[in-house]
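Presented below is the structure to which this report refers.
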Amino acid sequence: MNLIKKIEEGQCSIDELQLLLNEANPIVLYHVMTYIGKEKLASTAINEKLEELTSRRGASDKLIGYYKVGDLAIATLIKLDKKTDEIAIFKSMDDFDKKMIFNLIEELEW
């Protein structure tokens, strides 16, 4: 079965999703993070990995349009009810980037 289809159909365990957060492929990361956010699959390990991914905001971390892997990780943490002042990188972002994170949250089909 195609990995993306497996994720979207909810056929991955939480442990598998957690492991998939280590993927280099931004398409896989996109599907894993949006599924985690949609299903509210928070765990300590997932939250820690998402926090780690928030730093991936460079040119090589491009997802779709303006957005980077790190932006989606931040959006996913917020979707999992993490307060923005608890997300280290969010506190250091400028107002434009913060607004873009909230736009991303609204644009996604969680």
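Filter region 25-61 for residues that are part of a loop (DSSP other than H, G, I, E, B) and open to solvent by 40 Å² or more (accessible area, probe 1.4 Å) and give the result.
Those that are part of a loop (DSSP other than H, G, I, E, B) and open to solvent by 40 Å² or more (accessible area, probe 1.4 Å): 25, 40, 42, 55, 56, 57.
Since residue 71 meets every condition but one in (1) under 9 Å from the mean Cα position of the chain (by Cα); (2) of a type in the set (Asp, Glu); (3) within 17 Å of residue 8 (Cα to Cα), which condition does it not meet?
In the conditions (1) under 9 Å from the mean Cα position of the chain (by Cα); (2) of a type in the set (Asp, Glu); (3) within 17 Å of residue 8 (Cα to Cα), residue 71 misses (3) alone.
Checking the conditions here, which among 103, 22 is open to solvent by 40 Å² or more (accessible area, probe 1.4 Å) and outside any helix (DSSP H, G or I)?
Only one candidate passes the filter, namely 22.
When only residues in region 63-100 that are under 20 Å from residue 42 (Cα atoms) and of a type in the set (Lys, Arg) count, which is surrounded by the fewest Cβ atoms within 10 Å (Cβ to Cβ)?
83
The values are calculated or read from the model by the stated rules, or taken from the named source; none is laboratory data. Bear in mind that the values here come from a model prediction, so they are computed numbers and not experimental data. Neighbour counts are summed over all protein chains in view; Cβ atoms, including those assigned to glycine, are modelled from backbone coordinates with ideal geometry. Just the protein is used for accessible areas: all its heavy atoms, side chains included, with ligands, DNA and RNA removed. Shrake-Rupley method; radii C 1.70, N 1.55, O 1.52, S 1.80 Å.
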